[in-house]
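Notes follow once the structure below has been shown.
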Amino acid sequence: MAKTKVAPRYQEKTIEADKIAISSHYDLPPEFFSTFLGPRMAYSCAYFTDEGNDLAQAEADKLKLTAQKLRLKSEDRLLDLGCGWGSFLFYAAEKYGCRTLGITLAQEQAKFVNDKAAELGISNQVEAELVHVYEMAERFQPKSFDKIVTVGAIEHIEDLNLTFSNANKLLKDDGLFLVHGMTRPWKSRAEELAGDRRETDDLLEKHFGVGHWKSLWEVIQALEYSGFEVLDHENITYHYQLTVRRWLENLEKNESSIAGKIISDEKYREFMAFMASYIVSFELSGTICNQILAQKHNLGSLRPRGLMTRDHMMI
Ligand SMILES: C[S@@+](CC[C@H](N)C(=O)[O-])C[C@H]1O[C@@H](n2cnc3c(N)ncnc32)[C@H](O)[C@@H]1O
């Protein structure tokens, strides 16, 4: 398969550079993120079964939906690529009794997860490690996970073929892999690949330090290339539009306790601008949010028994 053509500034990015970039955003104090995220600190699209639901409900529903799509069972060992502050790790452990491991590039996040697990007395069930997705196949035993999830991290990852191939090695045969992340319409991605950078890319790069969004077909191509069969795709863009609106409202409401206190005024304004531009980008269809469910594919071996409906993917 032809290698994805990317701008040279991205080719130069190394694992170390990714760590520095990710840390500049995600190592801001967890206390700051708790001022605008929901109670479980999920920093990703929530799921609104009703447009009027509050963030806490929508956040819980997203975790529930994700767990149901992955068909979690108590004996499952789950790996979360880009685990944030552990929202899904704790959910899968609490509600299903799974043993969960998250990887992240942000020290504050790993510390937050491990401290919280210790406080809850479940350190043997939930843990987080500082590992880059490119290195995870060397770090963990092959076929040691039943399920793998990644939520809101592919946007930061340049090489999806390597990342998904690593995930494939770590999954047991027939294991499920849920990829939740943003993509951009092919037209704007093609413009970027042709060297015609857009303002949104600059904003993203400034805010996150690293960001280079693919189109949906590139994500699916990388999954197939890496030995997965795609089982399902759900477009959840409108849910993200509603989520970011709630985040922006919370940031506005809590301005006096955030700006110049937990983070600088300048950083606060940057976050406000970023959230607002995110909403515009959703509204103008420049950004798409997806949940893609895939299964480790073993060509020539017996297909696992199928499910007759999508009912378990509804909440
Ligand atoms: C937007 S946050 C999402 C966090 C979490 N999944 C959630 O839903 O709340 C992105 C996460 O991806 C992690 N991440 C980004 N690039 C990574 C990489 N190359 N290797 C491992 N983790 C990465 C970040 O450290 C962060 O935890």
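From E224, E218, E249, E255, grab the single residue that is surrounded by fewer than 14 Cβ atoms within 10 Å (Cβ to Cβ), of a type in the set (D, E, K, R) and modelled with pLDDT of 95 or more.
E249
Here is a yes/no grid of residues against (1) under 26 Å from F164 (Cβ atoms); (2) surrounded by 12 or more Cβ atoms within 10 Å (Cβ to Cβ); (3) β-branched (V, I, T):
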| position | (1), (2), (3) |
| --- | --- |
| I262 | no, yes, yes |
| M275 | no, yes, no |
| L284 | no, no, no |
| Q291 | yes, yes, no |
| L299 | yes, no, no |
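Restricting attention to the stretch 213-248, report how many residues are in contact with a helix residue (DSSP H, G or I) (Cβ under 9 Å, 6 or more places away or on another chain), assigned to a helix (DSSP H, G or I) and under 22 Å from F282 (Cα atoms).
16
Tell me which of these K19 doesn't satisfy, since it passes every other one: (1) within 14 Å of the ligand (Cβ to nearest atom); (2) assigned to a loop (DSSP other than H, G, I, E, B).
All conditions pass for K19, except number (2).
Taking the conditions exactly as written (closer than 26 Å to S34 by Cα and in contact (Cβ under 8 Å) with a residue 12 or more places away in the chain), does N290 satisfy them or not?
Considered against the rule, which asks whether it is closer than 26 Å to S34 by Cα and in contact (Cβ under 8 Å) with a residue 12 or more places away in the chain, N290 comes out as yes.
Does V179 fit the bill of being out of contact with any His (no Cβ under 6 Å at 6 or more places or on another chain), closer than 17 Å to A21 by Cβ and either among the charged types (D, E, K, R) or within 16 Å of the ligand (Cβ to nearest atom) (or both)?
In short, no.
Any residue in the stretch 130-141 that's free of Cβ contacts under 8 Å to residues at least 40 places away in the same chain: show its pairings with residues that are of a type outside the set (A, V, I, L, M) at Cβ separation under 6 Å, as long as the two are six or more apart or on different chains.
The qualifying pairs are V131/R139; A137/N166; A137/K169.
Any idea which of (1) crowded, with 19+ Cβ neighbours inside 10 Å; (2) touching a Ser or Thr at 6+ places or on another chain (Cβ under 7 Å) is the one L79 doesn't satisfy?
(2)
Looking only at residues in the stretch 46-59 that are free of Cβ contacts under 8 Å to residues at least 24 places away in the same chain and touching a helix residue (DSSP H, G or I) at 6+ places or on another chain (Cβ under 9 Å), which one is farthest from N235 (Cα to Cα)? Can you show your working first?
If we filter the stretch 46-59 for residues that are free of Cβ contacts under 8 Å to residues at least 24 places away in the same chain, which is where we start, we get 50, 52-53, 56-57.
Remaining after also requiring touching a helix residue (DSSP H, G or I) at 6+ places or on another chain (Cβ under 9 Å): 50, 53.
On the way: D50: 16, N53: 19 Å.
Taking the candidates together, the pick is N53.
Could you please find all residues in the stretch 102-117 being surrounded by fewer than 21 Cβ atoms within 10 Å (Cβ to Cβ) and closer than 21 Å to F140 by Cβ?
Selection gives Q107, K111, N114.
The values are calculated or read from the model by the stated rules, or taken from the named source; none is laboratory data. All values derive from a computational prediction rather than experimental measurement. As a convention, Cβ positions derive from the backbone with ideal geometry for all residues, glycine included, and neighbour counts pool all protein chains shown.
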